[in-house]
Amino acid sequence: MKKLIASTILAAGLYAVAGSAQAAECGDVSIAEMNWASAGVAAYVDKIILESGYGCKVTVVTGDTMPTFASMNEKGQPDMAPEFWVNAVRTALDEAIAEGRLIQAAPLLSDGGVEGWWIPKFLADEHPEIKTVEDALARPELFPAPEDATKAAVTNCPSGWNCQVSTANLYRALGAKEKGFELVDTGSAAGLDGSIANAFENKKGWLGYYWAPTAILGKYEMVKLSFGVEHDKASWDACTAVPDCPDPKVNAYPVSDVYTVVTKGFAEKAGVAMDYVQTRKWDNATVGKVLAWMEDNQGTNEDGARHFLETYPEMWTTWVAPDVAEKIKAAL
């Protein structure tokens, strides 16, 4: 009996030492909080999980795509950028990975960053024959313009955004004007969101540009329509994304690759926490619901992270070992 007790105490002591060593190994970690909502929430999800589950000491620092990449690449700080839209720095990132400075971990957004033309789900359910943008353009009576219901509308994205150029070129490529559609500029992101909210409140059709993950698509169910073609990058770069391209062709929006990027230093010191970073991912629908909750409740990024961890344990507990999951649950 004494031997059994002694063995139990020894095992518990070794477990505690192992846990302390793991925490010490992880040490201080800096995480970039990018200046858009989904990335901000991801930063705090990582902070809570790394601190509560792995014993890291986490500092959240302000970030943005280009400055954060430059700092990570040149200075090795911050340690981690949870939501990094890598297409913006693809060549330089590939070079940094090849030279061992940075590591591309899991794709945080399992669907990628998505853009396109959407319609309300209630309309798609009522008209299951509408699968493509061409199908929608064949039914102008379903998409009344806000200022003149006798005309139809394609809603563009705000002035000054790159998507305004691509949407305008696709509008011309599809011959939408000849099919009775106006291209409507809502003037701002708030105006664009308001046009979708108004369509749902009044159960009216809506056709236009939007992207995911976003709060508005978390609040209002929308269906992205197919353009009937694959994305042609060469044509996109040469024409679709170029203002007033003289001869635009129908094209599909690219899906943006969104990964977690970490420094070599973090990968070396993080121990099993690196396994978590290589595993965790979430889908746009879940992110959208979290962002919608934040908007409705005026929540901060940290509030959104805690809401996610409290509401979706069936998702995040698959990212970590069972004992780590229990530590995180106890800390919430």
For THR91, the lone unmet condition from (1) open to solvent by 60 Å² or more (accessible area, probe 1.4 Å); (2) touching a residue at least 40 places away in the same chain (Cβ under 8 Å); (3) part of a helix (DSSP H, G or I) is (2)
A careful count of residues in the range 71-88 that are over 21 Å from VAL60 (Cβ atoms), in contact (Cβ under 8 Å) with a residue 24 or more places away in the chain and of a type in the set (Gly, Ala, Ser) gives 0
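Can you confirm whether the range 97-119 contains a residue that is more than 30 Å from SER195 (Cα to Cα), hydrophobic (A, V, I, L, M, F, W, C), in contact (Cβ under 8 Å) with a residue 40 or more places away in the chain and assigned to a loop (DSSP other than H, G, I, E, B)? Full working, then the answer.
Going through the range 97-119, the residues more than 30 Å from SER195 (Cα to Cα) turn out to be 97-107.
Those still in the list that are hydrophobic (A, V, I, L, M, F, W, C) too: 97-98, 102-103, 105-106.
From what's left, in contact (Cβ under 8 Å) with a residue 40 or more places away in the chain: 102-103, 105-106.
Right, trim to assigned to a loop (DSSP other than H, G, I, E, B) and you get 105-106.
Scanning the range 97-119, I find at least one residue that is more than 30 Å from SER195 (Cα to Cα), hydrophobic (A, V, I, L, M, F, W, C), in contact (Cβ under 8 Å) with a residue 40 or more places away in the chain and assigned to a loop (DSSP other than H, G, I, E, B), so the answer is yes.
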Of the residues in the range 278-330, those that are loosely packed, with under 13 Cβ neighbours inside 10 Å, more than 27 Å from LYS224 (Cβ to Cβ) and not polar (S, T, N, Q) come to GLU310, PRO322, ASP323, ALA330
Of the residues in the range 57-88, those that are open to solvent by less than 10 Å² (accessible area, probe 1.4 Å) and not in a strand (DSSP E or B) come to THR68, MET72, ASP79, VAL86
Condition first: open to solvent by less than 70 Å² (accessible area, probe 1.4 Å), farther than 23 Å from GLY288 by Cβ and either at pLDDT below 95 or not aliphatic (A, V, I, L, M) (or both). Can you find one or more residues in the range 100-121 that meet it? yes
When SER235 is run through (1) assigned to a helix (DSSP H, G or I); (2) of a type outside the set (Asp, Glu); (3) in contact with a Gly (Cβ under 9 Å, 6 or more places away or on another chain), the failure sits at (3)
So, first residue in contact (Cβ under 8 Å) with a residue 24 or more places away in the chain and under 14 Å from VAL45 (Cα atoms) in the range 306-332, second residue open to solvent by 50 Å² or more (accessible area, probe 1.4 Å) and not in a loop (DSSP other than H, G, I, E, B), Cβ within less than 8 Å, six or more apart or across chains; the pairs are ALA331/GLU51; LEU332/ARG306; LEU332/GLU310
- Query: Within the bounds of the range 125-139, is there any residue that is open to solvent by less than 40 Å² (accessible area, probe 1.4 Å) and assigned to a loop (DSSP other than H, G, I, E, B)?
  - Reply: yes
message = Here is a check on your reading of the model: is VAL242 of a type outside the set (Phe, Trp, Tyr), modelled with pLDDT of 95 or more and assigned to a loop (DSSP other than H, G, I, E, B)?
response = no
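The values are calculated or read from the model by the stated rules, or taken from the named source; none is laboratory data. Everything numeric in this text was worked out from a predicted model, so none of it was measured. Every residue, glycine as well, gets a Cβ built from its backbone with ideal geometry; the counts of neighbours run over all protein chains shown. Heavy atoms of the whole protein, side chains included, go into the accessibility calculation; ligands, DNA and RNA do not. Shrake-Rupley method; radii C 1.70, N 1.55, O 1.52, S 1.80 Å.
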